[in-house]
């Protein structure tokens, strides 16, 4: 049984064996570029781990894992254009290295490629794979639109925020696991549990990401401390602040969140409000609750402990990360 690191390496080797360049090169070179600039490869590795857990063989899901990775990087390519981001994983973004039109078209091609790759060597499961993949893809788009909408909304409730991160982040982890379960011919009850595990783990992961942005080591995390605050991004801490603040705190917070990026003292004052409300602790409690519920779902799957070990390993590693 391969551990999670071995599964990640297995996928990396498979990815590196792929040939992406065709004519016209202007369409395919950005695709090769974004797929080669690194990343944790968590989602495709989850797909392999799920297939291995249910069948004992991770290799049967390599193409489905590849489809997930190509789709995920398509979303990143388009996200970077929407955010006008200069860097991705420490490297120049596609729209900066080429231009926005190239990023849009190459991203479109990646989405189509992901659907071409999806049924390879699993044609008998093509319809189930397509249904899961398509629902996952549209949910990611729904979550992205909610995130965009939140930028212009003054207040965002905790329930609204949790639904946004469920769609934008958690469902792709959940869907990746389900694709592996489908090719491994897992039964429907186990498929539901593995999807629930992925969704709750994804929620915990995104809440942790919000905490790290505000309180993590900026040098280790690769972003400046409070970058989300500076950009007026609605996070778990912001949603909790609206829920727990008094009228004067809420008024000040909303005023700070209406000020432009770079406003002197903004990050520090928002953090003071968060700290006075003990929001870091509240957010960490929520993160741990989702994490524990995810582990309970994994525990409920009717396979032996050794088969589950790589996913338990990942779940623990994700919660220990500092970046």
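The values are calculated or read from the model by the stated rules, or taken from the named source; none is laboratory data. Worth saying up front: this structure is predicted, and the values here are computed from it rather than measured. Every residue, glycine among them, receives a Cβ derived from its backbone with ideal geometry; neighbour counts consider all protein chains shown.
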Cross-chain or 6+ apart pairs with Cβ under 6 Å, segment 83-98 first and in contact (Cβ under 8 Å) with a residue 40 or more places away in the chain, then surrounded by 13 or more Cβ atoms within 10 Å (Cβ to Cβ) and in a helix (DSSP H, G or I):
88/80; 94/30; 94/34; 94/77; 94/103; 98/30
Answer yes or no: is there a residue in segment 156-176 that is over 22 Å from residue 302 (Cβ atoms), modelled with pLDDT under 95 and in a loop (DSSP other than H, G, I, E, B).
no
Residues (surrounded by fewer than 19 Cβ atoms within 10 Å (Cβ to Cβ) and assigned to a helix (DSSP H, G or I)) located in segment 82-108
82, 83, 96, 97, 100, 101, 102, 104, 105, 108
Quick check: is even one residue across segment 176-190 within 18 Å of residue 143 (Cβ to Cβ) and under 14 Å from the mean Cα position of the chain (by Cα)?
yes
Could you grab me the full set of residues in segment 183-194 that are assigned to a helix (DSSP H, G or I), touching a helix residue (DSSP H, G or I) at 6+ places or on another chain (Cβ under 7 Å) and either without any contact (Cβ under 8 Å) to a residue 12 or more places away in the chain or crowded, with 23+ Cβ neighbours inside 10 Å (or both)?
183, 194
Some residue of segment 67-78 being more than 28 Å from residue 310 (Cβ to Cβ) and either buried (at least 23 other Cβ atoms within 10 Å of the Cβ) or modelled with pLDDT of 95 or more (or both)
yes
Only one of 205, 150, 133 is touching a residue at least 40 places away in the same chain (Cβ under 8 Å) and surrounded by fewer than 22 Cβ atoms within 10 Å (Cβ to Cβ); which?
150
Please specify each residue of segment 31-42 satisfying the condition of being surrounded by fewer than 24 Cβ atoms within 10 Å (Cβ to Cβ) and touching a helix residue (DSSP H, G or I) at 6+ places or on another chain (Cβ under 7 Å).
31, 33, 35, 41
Within segment 274-302, restricting attention to residues that are part of a loop (DSSP other than H, G, I, E, B) and modelled with pLDDT of 95 or more, which residue is farthest from residue 239 (Cα to Cα)?
301
Scan (1) crowded, with 18+ Cβ neighbours inside 10 Å; (2) closer than 16 Å to residue 228 by Cα for the single condition residue 280 breaks and write down its number.
(1)
Considering every residue within segment 197-219, establish whether at least one is at positive phi and either assigned to a helix (DSSP H, G or I) or within 25 Å of the chain's Cα centre (by Cα) (or both).
no
